[in-house]
Amino acid sequence: MARHALIESNPPFPIARRRRAAARPLTTLLWFNRDLRLADNPALAAALARGAPVVPFYVLEDGEAGRWAPGSASRWWLHGSLQALDASLRARGSALLLRRGPAREAIEALLAETGADALYWNRRYEAWAGARAQAIKTALQARGIEARSFNAALLHEPSRLATAMGQPYRVFTPFWKALRAQLEPVGGAAPVTAPRRIAAPPAWPRSEALDGWALRPATPDWAAGLRDTWTPGEAGAQARLAAFARQAVYAYGERRNLPGAGATSGLSPHLHFGEIGPRQVWQAVTARPPGELDPAGSLGVQTFLSEIGWREFSYHLLVHFAHLPEAPLRAEFAAFPWEHDEAGRAAWQRGRTGYPIVDAGMRELWHTGWMHNRVRMIAASFLVKDLLLPWRDGADWFWDTLVDADLASNSAGWQWVAGCGADAAPYFRVFNPVLQGAKFDPQGAYVRRWVPELRALPDALLHAPWTARPVDLAAAGVELGRTYPMPIVDHACARQRALRALQQVKG
């Protein structure tokens, strides 16, 4: 299969436009495929430019997505994001229609109910989504219905960037250099503001009720921490971006690896659901405030932009290597001798490994649906290298528990840590959770927040409580094995086991 086969494309002159050149446009269906925002939404802008009534809709298509249907935390977020989008549309004289998939059936029904002569949407890049959208586009255009898709999620189309040999990039640095050369100063086309009004149809088709989709938990209600942490929706995304771009981005280069510092943007779930776009982010962090020097040269800004670049790189990999979520990019790792340690997996998931920085991260994840990126790497390394459990076990757990569970970034990130992906960390690089904790959480602010049973230990003992004297443990109220677990593996021994396993693969 050609590497671009699953990526939908527009003909230079859409069929429907040629056939209807002299006809007055009727109604435009606007499919909110994922980019759940009104600002910087090219499909919306193009739909409004037709001058016809617009019918915005969203399709819940769990069946078509298969095992990549949104996980529990993502479904919680999706409810809030759809609710916010509907409110924004209603404030502009419109509304959001809800239908269940398959998407093709829902679209056919809406075409019949509205008499629409056009369907616009923004692209997704998962293989299943690309194939589905291309089939819809082909079928509609063959019937003279205008069907057009746009890029709203990325700075650049992943399929249009290649090495000098015409191959996909597998290393980040040359990819990022090539992408930067393709972009205008604001990261591509300038973002467009949200419209003030959206023309409504004469009559609205029926809509399903959002509450009827049961996206949020009933009992037990595990989402209290998510509600306390996040505000899904476009307004929440813009507020978070504005706060970050105003000050925190300038110190991002020095403070981003400190999980207790609160120095990251927190934009990843908003970007995943398309509540804000990368062009908006780029513009916000590189804009020059009145009377200030140009911040584009700031180390913090450039470091943050490279993180946006890693997101682009992950999508580049997903488009060119459709098996990324399922199989290692480095084929030899298909024979890696993974363990099957159910008890170890459960301890990791619950934040009960006995390594405080790992446990803090896993508890933050469970409570907030998010984990600091440095700690993601430490926790992931512990699973695949200390416990020798398959990277897909970790990717699946993150898929269900992260509010920013993104197929491209999640898959690429886990393969990077496991050493089996593109631009991967060498497999022999095994993060030492004690040293990592001491380096990036030296005063213990992060561990003390998420592992409060260790709060009274002094800094020097916090990341390795099993090394403390009994008197120190007693003074801190810590009883290893009861109030906090002993380490479930010895890191030094686990590291040697991981290196021996690698030798088996290398043969």
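The values are calculated or read from the model by the stated rules, or taken from the named source; none is laboratory data. Since this is a predicted model, take the numbers as computed values, not measurements. Here the Cβ is made from the backbone with ideal geometry for all residues, glycine too, and neighbour counts use every protein chain on show.
For every residue, the table says whether it meets (1) within 20 Å of the chain's Cα centre (by Cα); (2) surrounded by 16 or more Cβ atoms within 10 Å (Cβ to Cβ).
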site: Pro201; (1), (2): no, yes
site: Asp211; (1), (2): no, no
site: Ala237; (1), (2): yes, yes
site: Gln247; (1), (2): no, no
site: Tyr250; (1), (2): no, yes
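Annotation: Arg170 fulfils all but one of (1) of a type in the set (Lys, Arg); (2) part of a loop (DSSP other than H, G, I, E, B); (3) farther than 28 Å from Trp310 by Cα; the unmet one is (3).
Yes or no, residue by residue, for (1) surrounded by fewer than 24 Cβ atoms within 10 Å (Cβ to Cβ); (2) of a type outside the set (A, V, I, L, M):
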residue: Thr368; (1), (2): yes, yes
residue: His372; (1), (2): no, yes
residue: Arg392; (1), (2): yes, yes
residue: Val403; (1), (2): no, no
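With respect to being over 21 Å from Tyr315 (Cβ atoms), surrounded by 11 or more Cβ atoms within 10 Å (Cβ to Cβ) and touching a Pro at 6+ places or on another chain (Cβ under 6 Å), Ala147 falls outside the description.
Taking the listed residues Leu324, Leu435, the one that is modelled with pLDDT of 95 or more and crowded, with 20+ Cβ neighbours inside 10 Å is Leu324, with no other qualifying.
Against the condition of a type in the set (A, V, I, L, M, F, W, C), at pLDDT 95 or above and closer than 19 Å to Leu407 by Cα, how does Ala73 come out, does it pass?
Values: of a type in the set (A, V, I, L, M, F, W, C): yes; at pLDDT 95 or above: yes; closer than 19 Å to Leu407 by Cα: yes.
Yes; evaluated as a whole, the condition is true for this residue.
Quick one: Thr219 ticks every box in (1) surrounded by 13 or more Cβ atoms within 10 Å (Cβ to Cβ); (2) out of contact with any helix residue (DSSP H, G or I) (no Cβ under 7 Å at 6 or more places or on another chain); (3) not in a helix (DSSP H, G or I) except a single one, so which number is it? It is condition (1) that Thr219 fails. For the stretch 139-154, the condition holds for no residue, the condition being that it is among the aromatic types (Phe, Trp, Tyr) and closer than 13 Å to Gly309 by Cα.
Looking across the stretch 411-450 at every residue that is of a type in the set (Val, Ile, Thr) and over 20 Å from Thr368 (Cα atoms), the one that is farthest from the chain's Cα centre (by Cα) is identified as Val434.
Here's the yes/no breakdown for (1) out of contact with any His (no Cβ under 6 Å at 6 or more places or on another chain); (2) without any contact (Cβ under 8 Å) to a residue 60 or more places away in the chain; (3) more than 30 Å from Ala395 (Cβ to Cβ); (4) of a type in the set (D, E, K, R):
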position: Ala65; (1), (2), (3), (4): yes, no, no, no
position: Trp68; (1), (2), (3), (4): yes, no, no, no
position: Leu82; (1), (2), (3), (4): yes, no, no, no
position: Ser88; (1), (2), (3), (4): yes, no, yes, no
position: Leu96; (1), (2), (3), (4): yes, no, yes, no
position: Arg104; (1), (2), (3), (4): yes, yes, no, yes
position: Asn122; (1), (2), (3), (4): yes, no, no, no
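The rows are residues; the columns are (1) more than 23 Å from Gly421 (Cα to Cα); (2) out of contact with any His (no Cβ under 6 Å at 6 or more places or on another chain); (3) outside any helix (DSSP H, G or I).
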{"position": "Gly309", "(1), (2), (3)": "no, yes, no"}
{"position": "Ala322", "(1), (2), (3)": "no, yes, yes"}
{"position": "Glu339", "(1), (2), (3)": "no, yes, yes"}
{"position": "Ala347", "(1), (2), (3)": "yes, yes, no"}
{"position": "Val358", "(1), (2), (3)": "no, yes, no"}
{"position": "Met371", "(1), (2), (3)": "no, yes, yes"}
{"position": "Phe382", "(1), (2), (3)": "no, yes, no"}
{"position": "Phe398", "(1), (2), (3)": "no, yes, no"}
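Residues that are acidic (Asp, Glu) and within 15 Å of Ala347 (Cα to Cα) within the stretch 477-507 comprise just one, Asp490. Inside the stretch 350-375, residues that are charged (D, E, K, R) and more than 17 Å from Gly444 (Cα to Cα) make up a count of 2. In this structure, Ala242 qualifies as surrounded by fewer than 16 Cβ atoms within 10 Å (Cβ to Cβ), closer than 22 Å to Gln283 by Cα and modelled with pLDDT of 95 or more. Scanning the stretch 405-418 for residues that are closer than 20 Å to Trp348 by Cα and assigned to a loop (DSSP other than H, G, I, E, B) turns up just one, Ala405.
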